[in-house]
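Take a look at the structure set out below.
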Amino acid sequence: MTGGAGFIGANLCRELISRRSVGRVVALDDLSTGAAANLAGTGAELVEGSILDRDLLEDVVDGADAVVHLAARPSVPRSLADPFATHEVNATGTVRVLEACRRHHTQLVAASSSSVYGSVTALPKHEGLPTRPLSPYAASKLATESYVLSYGHAFGLPALAFRFFNVYGPLQPAGHAYAAVVPSFVDAALRGRPLTVFGDGHQTRDFTYVGTVARVLADAVLRKVTCADPVNLAFGTRVSVLELGHHLAKALETAVEFHHEPSRRGDVRDSQADDGLLRGLFAGVEAVPLEQGLAETVRWFRSL
Ligand code: NAD
């Protein structure tokens, strides 16, 4: 796995190791946003280094049954601050991972993002819609999924590209400038501080609990699922940022206050997945409901 010491990666390591049929799980990570501590007690092996290092990738992919490619610079604001760095890791890095998989004919499951839909206003977003990235990050994730699917077509590589929507849950960090909305809200609420909202708060998101994402990724690897098109990995629940704050207030049995900042460049207005393709490929998949996922997230924050 690339990016295995990150938020989604470390949750996936736990999920994979809980499955009986899985032997070794190796996490290649440069620890730029991930942390070795995320893997503590999982049984996964950490190989510290970059996906841009061809020789290291070769060593890691050699002998692997499958690669889950999660390594990326995963933030819209960071991509606005340094577009080239985002391109290098997310686009060039993906080609490096693909080349290693091609040499060994190793199955690849990769992370793209709902941000590729960008300014497309239709809801819910289905995979047949055009893509109109609003940020260098979104463009780089479009490159990620395009390269992955092109290797499926051109070289017969068993490949699958998921478009994650807003994933949240334990191990997602708060307290830094690029933190995602769920951990920022939980952290602020637990400290009795106002929740910072960019814009009016009526922008909507399709929040997906990380445990659900990890289960789908593990199933994809173990069942060797492939698809010629990108696949949304979310379940069509559309919640505004203000509603998210109210759900959290309920989970904490406390009142919350909002503090509004100007909207951020590159952020999309509304997001909601069409989950038809996902449900066709993963029959019977169940999503953890937002209330339950938030309760798990709060429990994790309180344990820190
Ligand atoms: P994360 O920052 O926790 O994980 C990314 C990991 O990649 C980190 O551990 C980081 O150290 C590692 N990494 C970065 N550059 C690397 C490099 N050059 N070589 C090796 N490792 C490197 O973020 P996450 O939320 O776990 O995201 C995982 C993937 O999911 C990313 O590809 C991201 O674009 C995608 N995604 C996430 C979300 C979300 O809501 N969290 C939404 C859409 C897409």
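Each reported figure results from applying straightforward, stated rules to the coordinates on display, with no laboratory input. For clarity, every value in this text was computed on a predicted model and none was experimentally measured. Note that each Cβ is placed from the backbone with ideal geometry, even for glycine, and that neighbours are counted across all protein chains shown.
Could you please let me know if SER140 is surrounded by 23 or more Cβ atoms within 10 Å (Cβ to Cβ), in a strand (DSSP E or B) and of a type in the set (Ser, Thr, Tyr)?
Values: surrounded by 23 or more Cβ atoms within 10 Å (Cβ to Cβ): yes; in a strand (DSSP E or B): no; of a type in the set (Ser, Thr, Tyr): yes.
Criteria not met by SER140.
Of everything in region 11-20, what is within 16 Å of the ligand (Cβ to nearest atom) and either under 17 Å from ASN166 (Cα atoms) or surrounded by fewer than 24 Cβ atoms within 10 Å (Cβ to Cβ) (or both)? Give them in sequence order.
Within region 11-20, the subset within 16 Å of the ligand (Cβ to nearest atom) is 11-16.
Residues satisfying the conditions are ASN11, LEU12, ARG14, GLU15.
Can you tell me which residue in region 262-287 is surrounded by the fewest Cβ atoms within 10 Å (Cβ to Cβ), limited to those that are over 28 Å from ARG299 (Cα atoms) and among the acidic types (Asp, Glu)?
This residue is ASP267.
Could you grab me the full set of residues in region 21-42 that are near the ligand (Cβ under 8 Å from one of its atoms) and either part of a loop (DSSP other than H, G, I, E, B) or surrounded by fewer than 18 Cβ atoms within 10 Å (Cβ to Cβ) (or both)?
ASP30, LEU31, SER32, THR33, GLY34, ALA35
Of the conditions (1) surrounded by fewer than 24 Cβ atoms within 10 Å (Cβ to Cβ); (2) within 19 Å of the chain's Cα centre (by Cα); (3) near the ligand (Cβ under 9 Å from one of its atoms); (4) not polar (S, T, N, Q), ASP53 clears all except one; give me its number.
(2)
I need the full set of residues from region 98-113 which are within 22 Å of GLU127 (Cβ to Cβ) and either of a type in the set (A, V, I, L, M) or surrounded by fewer than 24 Cβ atoms within 10 Å (Cβ to Cβ) (or both), in order please.
First pass over region 98-113, keeping only residues within 22 Å of GLU127 (Cβ to Cβ): 98, 107-113.
Answer for region 98-113, where residues must be within 22 Å of GLU127 (Cβ to Cβ) and either of a type in the set (A, V, I, L, M) or surrounded by fewer than 24 Cβ atoms within 10 Å (Cβ to Cβ) (or both): LEU98, GLN107, LEU108, VAL109, ALA110, ALA111.
Name the residue that is nearest to ALA143 (Cα to Cα), counting only residues in region 105-125 that are part of a loop (DSSP other than H, G, I, E, B) and touching a helix residue (DSSP H, G or I) at 6+ places or on another chain (Cβ under 7 Å).
Looking only at region 105-125, we keep the residues that are part of a loop (DSSP other than H, G, I, E, B), and these are 105-106, 118-124.
Of the ones still in play, those that are also touching a helix residue (DSSP H, G or I) at 6+ places or on another chain (Cβ under 7 Å) are 106, 118.
On the way: THR106: 20, GLY118: 14 Å.
The extreme case among them is GLY118.
Tell me yes or no: at least one residue of region 65-73 is of a type outside the set (A, V, I, L, M) and surrounded by 15 or more Cβ atoms within 10 Å (Cβ to Cβ). Before you say what the answer is, go through the steps one by one.
Step one: list which residues in region 65-73 are of a type outside the set (A, V, I, L, M), which gives 65, 69, 73.
Applying the additional criterion that residues be surrounded by 15 or more Cβ atoms within 10 Å (Cβ to Cβ) yields 69, 73.
Yes, region 65-73 contains at least one residue that is of a type outside the set (A, V, I, L, M) and surrounded by 15 or more Cβ atoms within 10 Å (Cβ to Cβ).
Across region 236-257, what is the number of residues that are of a type in the set (Ser, Thr, Tyr) and more than 16 Å from TYR168 (Cβ to Cβ)?
At the first step, the residues of region 236-257 found to be of a type in the set (Ser, Thr, Tyr) are 237, 240, 254.
Filter again for more than 16 Å from TYR168 (Cβ to Cβ), leaving 254.
Residues that pass the stated criteria total 1.
Hey, does region 214-234 have a residue that's surrounded by fewer than 15 Cβ atoms within 10 Å (Cβ to Cβ), free of Cβ contacts under 8 Å to residues at least 24 places away in the same chain and not hydrophobic (A, V, I, L, M, F, W, C)?
From region 214-234, those surrounded by fewer than 15 Cβ atoms within 10 Å (Cβ to Cβ) are 222-224, 228-229; that's our starting set.
Now narrow it down to the ones that are free of Cβ contacts under 8 Å to residues at least 24 places away in the same chain: 223.
Checking the rest, the ones that are also not hydrophobic (A, V, I, L, M, F, W, C) come to 223.
Yes, there is a match, as at least one residue in region 214-234 is surrounded by fewer than 15 Cβ atoms within 10 Å (Cβ to Cβ), free of Cβ contacts under 8 Å to residues at least 24 places away in the same chain and not hydrophobic (A, V, I, L, M, F, W, C).
To keep it simple, each residue is scored yes or no on (1) within 13 Å of the ligand (Cβ to nearest atom); (2) within 24 Å of TYR117 (Cα to Cα).
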| site | (1), (2) |
| --- | --- |
| LEU134 | no, yes |
| TYR137 | yes, yes |
| LEU142 | yes, yes |
| TYR151 | no, yes |
| PHE165 | yes, yes |
| VAL186 | no, no |
| GLY192 | no, no |
| TYR209 | yes, yes |
| ALA220 | no, yes |
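All but one of (1) under 23 Å from LEU12 (Cα atoms); (2) more than 12 Å from the ligand (Cβ to nearest atom); (3) within 19 Å of the chain's Cα centre (by Cα) hold for HIS105; which doesn't?
(3)
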